[in-house]
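*Asks:* Mind looking over this structure? Questions follow.
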Amino acid sequence: MNDNHLLELASDVVKRALAAGATDAECTVAEGEEFSASVRMRELENLKEAGSRGAGVRILIGRKTGSSSTSDLSPQGIEWLVKAAIELADVTNEDPHAGLPDAGEMGAIPGELRLFSPDVALLETGLKIETARRAEDAALSADPRIFNSEGASFDSHTGRHIFVNSRGFAGEYRTSYCSLSAVPVAREGESMERDYWDSLARGFGGLEPPEQVGREAAQRALRRLNPVKVDTQKVPVVFEPRVARGLVGSIFEAVHGLSVYRQQSFLAGKLGEKVAGENVTIIDDGTIPGLFGTSPFDDEGVPSRRTVVIEKGVLKSYLLNCYAARKLGMKTTGNASRGLAGNAGIGHGNFFLEKGVETPEKILAGIRNGFYVTQVQGFGVNIVTGDYSQGASGLWIRDGELAFAVSEVTIAANLKEMLLGLETIGSDLEFRGSVASPTLKIGEMTVGGK
């Protein structure tokens, strides 16, 4: 199928749905090619290459909805796709909030967003395997204490996304990415630890060199050796960016429109109120070229945008699709997200906490006794109450320096307190995915140990 054919196919699905009795319809078509190569102990272990193509339709008959999806894009498959959605709508209940965006809400942001790099599709298999092998070899060669490896992997993906609805919207965009990771294992005496490092980019040229990825992974594993379990105490806690982005991700869950509507968020009913320190500004921006949460439009055909969620500590906006917006009596923020079928959910663009001015080194230098968190385990975040309690490991801060490894402890507080107690925000904001955060220092948390 050529490029135009898929767009024509999506338009045809919408026309068929209207002819079959739908009052409104929208169709998503997606195709992609993915590749993965993994090596372990310098030998190729797994190699996978796969392609996929599918279509999904959501129809409305008045306020009743039905949806279906298929990977069969033959005329018979498309006929079944529409028929199944119509039949499902016939047996569902009416929902007064169901519906497509208004015509004035739809569109796409203009300009080159740098979401696709042609070099990804042209990479030779041998180069991908060799890149993973070089990353692992750099890790294994970094130090005699690196004695084993859980492997290194190179992954790549190219895709195309098409969306058409019955109110005149038709749009598409292409995406690509490639990633490289290494997971070495270190041993010293009876102590054995592992860690990882990875790099992600839209194009091959944007990846960190494989030797850098391997050496960083090795260094992270080595610094975890011979950990201790500290006494239970209340101390300042510093989250490295890799862990801090998980904390920021919890804030996304708290401003998710449907969680707010259901009163299942500690931020429900708090618009316009101070919920964090004045140094805290959190933004959702789906318009930044080249990043992984960027797209020209959301999955309802609404233009992506920049939404200030928290500004200088004050809650300014929730994140909404059309459905959640209608329930809350608000306007969509262009955050609809879905797969091929079903009603749109709510996703984020590039969701991040704005950087501060202090370097991570300066933040650490000001702490006499504290905990630098490099990994958390478990699912100990309650978005309804804000309670936060997770298993953690990392490094102990002694007189401004990272002194020794720590493991088997828990860190506990409440997200409300953590946002208000966010004393220092680092200058090291870096997007290694669609959620990002610089180094964060919380003034005091309970570290549960011995």
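The values are calculated or read from the model by the stated rules, or taken from the named source; none is laboratory data. The structure displayed is predicted, hence computed values, not measured ones. Note that each Cβ is placed from the backbone with ideal geometry, even for glycine, and that neighbours are counted across all protein chains shown. For the accessible areas, the whole protein counts, side chains as well, though only heavy atoms, and no ligand, DNA or RNA atoms are used. Shrake-Rupley method; radii C 1.70, N 1.55, O 1.52, S 1.80 Å.
*Asks:* Over the chain, calculate the relative contact order: mean separation of alpha carbon pairs under 8 Å at least 6 apart, over the residue count, as a percent.
*Replies:* RCO, the chain: 16 percent.
*Asks:* Right, something else. Taking amide H positions as placed 1.01 Å from N in the peptide plane, with prolines and chain starts having none, which residues 5 or more places from Val409, or on another chain, fall under 5 Å of its amide H?
*Replies:* Under 5 Å from the amide H of Val409: Ala392.
*Asks:* Next question, about the same structure. Between region 157-207 and region 431-450, what is the separation of their alpha carbon centroids in Å?
*Replies:* Region 157-207 and region 431-450 have Cα centres separated by 23 Å.
*Asks:* Taking amide H atoms as placed 1.01 Å from N in the peptide plane, list the residues 5 or more away in sequence, or in a different chain, whose amide H sits under 5 Å from that of Asp387.
*Replies:* Asn382, Leu415
*Asks:* Classify region 266-329 from the C-alpha gyration tensor, please: rounded if a/c falls under 1.5, else prolate or oblate depending on whether a/b exceeds b/c.
*Replies:* Verdict is oblate for region 266-329.
*Asks:* Indicate the helices, whole DSSP H runs only, in the chain that combine a mean Kyte-Doolittle hydropathy of -0.5 or more with a Cα extent along their long axis of 24 angstrom or more.
*Replies:* 3-19
*Asks:* Where Lys and Arg each count +1 and Asp and Glu each count -1, what net charge lies around Ala324 among other residues with Cβ under 12 Å from its Cβ?
*Replies:* Overall, the nearby charge balance is +3.
*Asks:* Then there is this: Please compute the contact order of region 357-450 in relative form: average sequence separation of alpha-carbon pairs under 8 Å and at least six residues apart, divided by the residue count, as a percent.
*Replies:* 27
*Asks:* When the chain is modelled as a GNM with alpha-carbon springs shorter than 10 Å, which of Gln212, Gln76, Gln390 fluctuates the most?
*Replies:* In this elastic network of the chain, the residue with the biggest mean-square fluctuation among Gln212, Gln76, Gln390 is Gln76.
*Asks:* Return the sequence-ordered ³J(HN,Hα) values of region 348-361 in whole Hz as given by the Karplus equation 6.51 cos²θ - 1.76 cosθ + 1.60 applied to θ = phi - 60°, using x for Gly and Pro.
*Replies:* Computed from phi, the couplings for region 348-361 are 10, x, 8, 9, 8, 9, 4, 6, x, 10, 8, 6, x, 4 Hz.
*Asks:* Still on this structure, I have one more. Please list Asp72, Asp298 in order of solvent-accessible area, largest first, computed with a 1.4 Å probe with all protein chains present.
*Replies:* If we order Asp72, Asp298 from most to least accessible, we get Asp72, Asp298.
*Asks:* Only sites in a loop by DSSP and with at most 16 other Cβ atoms within 10 Å count here; which GluC sites (Glu not before Pro) in region 1-59 make the cut?
*Replies:* Here no loop site has a sparse enough neighbourhood.
*Asks:* Please list, in chain and number order, the residues 5+ apart from Asn369 or on another chain whose amide H is under 5 Å from its amide H, with Hs placed from the backbone.
*Replies:* Residues meeting the criterion, in which the H sits 1.01 Å from N, are Asp399.
*Asks:* Sticking with this one: Please report, in debye to the nearest 20, how large the charge dipole of the chain is about its Cα centre when each Lys and Arg carries +1 at its beta carbon and each Asp and Glu carries -1 there.
*Replies:* 920
*Asks:* If you take the beta carbon distance between Asn4 and Glu423 as r and set R0 to 51 Å, what does 1/(1 + (r/R0)^6) give as a FRET efficiency, to the nearest 0.05?
*Replies:* 0.40
*Asks:* Which order do Arg160, Arg306 take when ranked by solvent-accessible area (1.4 Å probe, heavy atoms of all protein chains), largest first?
*Replies:* From most exposed to least exposed: Arg306, Arg160.
*Asks:* Now a separate question. Quick one: what are the phi-derived ³J(HN,Hα) couplings along region 305-313, Karplus 6.51/-1.76/1.60 with θ = phi - 60°, whole Hz, x for glycine and proline?
*Replies:* 7, 9, 10, 7, 8, 10, 10, 6, x
*Asks:* Would you calculate, for the chain, the mean residue ellipticity at 222 nm contributed by helices, counting each DSSP H stretch of 4 or more residues as -39,500 (n - 2.57) and dividing by all residues, to the nearest 500?
*Replies:* Rounded to the nearest 500, it is -7000 deg cm²/dmol.
*Asks:* How long is the gain from Leu122 to Thr23 if the chain were fully straight, where each residue apart is worth 0.36 nm and the alpha carbon distance is subtracted?
*Replies:* 31.3 nm
*Asks:* What whole-number value in Å² describes the accessible area per residue of the chain for a 1.4 Å probe?
*Replies:* 44
*Asks:* Still on this structure, I have one more. State the percentage of accessible surface on the chain attributable to carbon and sulfur atoms; use a 1.4 Å probe and exclude ligands, DNA and RNA.
*Replies:* Accessible surface attributable to carbon and sulfur in the chain totals 48 percent.
*Asks:* Also: Can you pull out the chymotrypsin sites (Phe, Trp or Tyr not before Pro) in region 355-450 that DSSP calls coil and that have at most 12 other Cβ atoms within 10 Å?
*Replies:* Answer by residue number: Phe379.
*Asks:* Once the Cβ-Cβ distance between Asp143 and Lys450 is put in as r, and R0 is 45 Å, what FRET efficiency do you end up with, to the nearest 0.05?
*Replies:* Efficiency at R0 = 45 Å is approximately 0.90.
*Asks:* Between the DSSP loop rule and a limit of at most 11 other Cβ atoms within 10 Å, which trypsin sites (Lys or Arg not before Pro) in region 362-424 are left?
*Replies:* Arg368
*Asks:* Further question: Once R0 is set to 41 Å, what does the formula 1/(1 + (r/R0)^6) return for the Cβ-Cβ distance between Asn93 and Asn382, expressed as a FRET efficiency to the nearest 0.05?
*Replies:* E between Asn93 and Asn382, to the nearest 0.05, is 0.85.
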